[in-house]
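The values are calculated or read from the model by the stated rules, or taken from the named source; none is laboratory data. Just so it is clear, the structure is predicted and the values come from calculations on it, not from any experiment. All Cβ positions, glycine included, derive from the backbone under ideal geometry; neighbour counts span all protein chains shown. Surface accessibility is based on the protein's heavy atoms, side chains included, excluding ligands, DNA and RNA. Shrake-Rupley method; radii C 1.70, N 1.55, O 1.52, S 1.80 Å.
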Amino acid sequence: GESVGLHLPTLSVQEGDNSIINCAYSNSASDYFIWYKQESGKGPQFIIDIRSNMDKRQGQRVTVLLNKTVKHLSLQIAATQPGDSAVYFCAENHTGNMLTFGGGTRLMVKP
Amino acid sequence: EPEVTQTPSHQVTQMGQEVILRCVPISNHLYFYWYRQILGQKVEFLVSFYNNEISEKSEIFDDQFSVERPDGSNFTLKIRSTKLEDSAMYFCASVATSNPGELFFGEGSRLTVL
């Protein structure tokens, strides 16, 4: 069935290192992808998005890569900081207003 | 910075009782959503609302659920007869445009059904 999923439930990185969070999707009709950050006790927060006509999009310290051939999406965080510790979700939209979220990866930043 | 506010932050209810969760979206936003997250699971879409009507709903949003925008500021989710499996964090979200990705989420209302 159609799904958006994540490879790893937990990622632990050293402060200052780069983080890479991965996501796989199965619906080839998906044309819009979003990464959200969810800190403990809060709602998801938009980080960055990418449309299927792009392979890469950069924001402030974050980069999203989209590989449509293998239906893979990644979020790269440069120089990871303690404030980046959170659960990261990828989400996908292919029709209407509905977003389909992945299962989430917990990023833990070690000082 | 404008934000989406939700009340209550936590509600405990008995199975079969009606629950109303309230949200105040960001004032100039036009599209409103409810999502839910069962503990430890994915965030799931429930319903979207635009121009005073439901524009899309998921299979979860059955006839026990309803939404309403009773005035110019509030957006409510009602569960008529709660079930144990309705226990979850319910997130309200809003967005100014039809782009469904750049949502502003509230901090959520935790519903516990006993």
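Values computed for the structure shown
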| item | result |
| --- | --- |
| Residues in the range A:33-55 occluded by at least 20 Å² - accessible area, probe radius 1.4 Å, against chain by itself | A:TYR36, A:GLN38, A:GLY41, A:LYS42, A:GLY43, A:PRO44, A:PHE46 |
| Per residue accessible area of chain A, 1.4 Å probe, in Å² | 48 |
| GNM result for chain B, Cα springs below 10 Å: residue of B:ASP62, B:ASP71, B:ASP86 fluctuating most strongly | B:ASP71 |
| Share of carbon and sulfur in the accessible heavy-atom surface of the range A:21-74 [1.4 Å probe, %] | 42 |
| Accessible area of the range B:5-113 divided out per residue, in Å², using a probe of 1.4 angstrom | 48 |
| GNM top mover of B:LEU39, B:LEU30, B:LEU21 - chain B, alpha-carbon springs below 10 Å | B:LEU39 |
| Stretch in chain B that is longest and holds no trypsin sites (Lys or Arg not before Pro) that DSSP places in a loop and that have at most 15 other beta carbons within 10 Å | B:1-79 |
| Heavy-atom accessible surface that B and A bury in contact, both chains counted, 1.4 Å, Å² to 100 | 1700 |
| Dipole magnitude of chain A about its Cα centre (Cβ charges: Lys, Arg +1; Asp, Glu -1), debye to nearest 20 | 80 |
| Accessible carbon and sulfur surface of chain B relative to its total accessible area, %, 1.4 Å | 46 |
| Fluctuation leader among B:ASN52, B:ASN99, B:ASN74 - chain B, Gaussian network, Cα springs under 10 angstrom | B:ASN99 |
| Ranked by how many other beta carbons lie within 10 Å on average, peptides A:64-70, A:99-105 from highest | A:99-105, A:64-70 |
| Percent breakdown of C-alpha pair distances by 10 Å bin, ordered from the shortest bin, for the protein assembly as shown | 8, 33, 35, 19, 5, 0 |
| Cα centroid separation - the range A:48-111 against the range B:9-38, whole Å | 26 |
| Histogram of C-alpha separations across the range A:1-96, 10 Å bin width, % | 16, 51, 29, 5 |
| Listed residues B:SER66, B:GLN14, B:GLN41: farthest to the positive end of the dipole of the range B:5-113 (Cβ charges) | B:GLN14 |
| Net dipole in debye of the range B:5-113 [+1 Lys, Arg Cβ; -1 Asp, Glu Cβ; about Cα centre; nearest 20] | 240 |
| Dimensions (Å) - the range B:5-113, Cα atoms, principal axes, largest first | 37, 29, 25 |
| Relative contact order (%) - the range B:31-114, alpha-carbon pairs under 8 angstrom, separation at least six | 29 |
| Exposure of B:GLU68 as accessible area (Å², to 10), given a probe of 1.4 Å and all protein chains | 110 |
| Within-15-Å neighbourhood charge of B:PHE61 [Cβ basis; K, R +1; D, E -1] | -4 |
